Amino acid sequence: MSEPNATQQTDSQTQAQITPLRCVTGSVISGGLAFAAYSLMIAIATTFANKPIHSDNPIVLNIASAVRTLVVGMTALASGVFGIVAVGLLALGIQLLFQQFAKRQS
């Protein structure tokens, strides 16, 4: 019965400290992933544009168009999410840096 209390105490003790360096490092990693996802999206879209669908069946054309749109859309979504995370982490790091300077001056 005393185990839940012990796990709650260890969870609160093992939380990492948020520092501007960790925020900037996370921002750089997330920005790199955003750039990689963007590059992948451009490569996929270029490949799809260079290889048209050769069919006369309208159902095949509709399904192929939907699949191509979904693939490009998912990579665009990934690049957008990672980009927003990178900007947010960078802003958090700057905010923490200003708070540290304000604390030192007071």
- Item | Test result for Ala86, modelled with pLDDT under 95, in a helix (DSSP H, G or I) and not β-branched (Val, Ile, Thr) | no
- Message: Against the condition at pLDDT below 95 and among the basic types (Lys, Arg), how does Arg104 come out, does it pass?
- Response: yes
- Query: Out of (1) without any contact (Cβ under 8 Å) to a residue 40 or more places away in the chain; (2) crowded, with 17+ Cβ neighbours inside 10 Å; (3) of a type outside the set (D, E, K, R), what's the single condition that is false for Phe82?
  - Reply: (1)
- Taking the stretch 50-77 as the region of interest, how many residues are within 26 Å of Ser30 (Cβ to Cβ) and touching a Phe, Trp or Tyr at 6+ places or on another chain (Cβ under 9 Å)? 4
- Of the conditions (1) surrounded by 12 or more Cβ atoms within 10 Å (Cβ to Cβ); (2) at pLDDT below 95, His54 fails just one. Which one is it? (1)
- Message: So, in the stretch 19-39, exactly how many residues are at pLDDT 95 or above and exposed (fewer than 15 other Cβ atoms within 10 Å of the Cβ)?
- Response: 7
- Message: Contact list please: Cβ distance under 6 Å, first residue in the stretch 13-25 and within 9 Å of Gly93 (Cα to Cα), second residue in a helix (DSSP H, G or I) and of a type outside the set (Asp, Glu), pairs at least six apart or on different chains.
- Response: Pro20/Gly93; Pro20/Leu96; Pro20/Leu97; Cys23/Leu89; Cys23/Leu92; Cys23/Gly93; Val24/Gly93
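The values are calculated or read from the model by the stated rules, or taken from the named source; none is laboratory data. These figures come from a predicted structure and were not determined experimentally. Cβ coordinates were reconstructed from backbone atoms using ideal geometry, including for glycine residues, and neighbour counts include every protein chain displayed.
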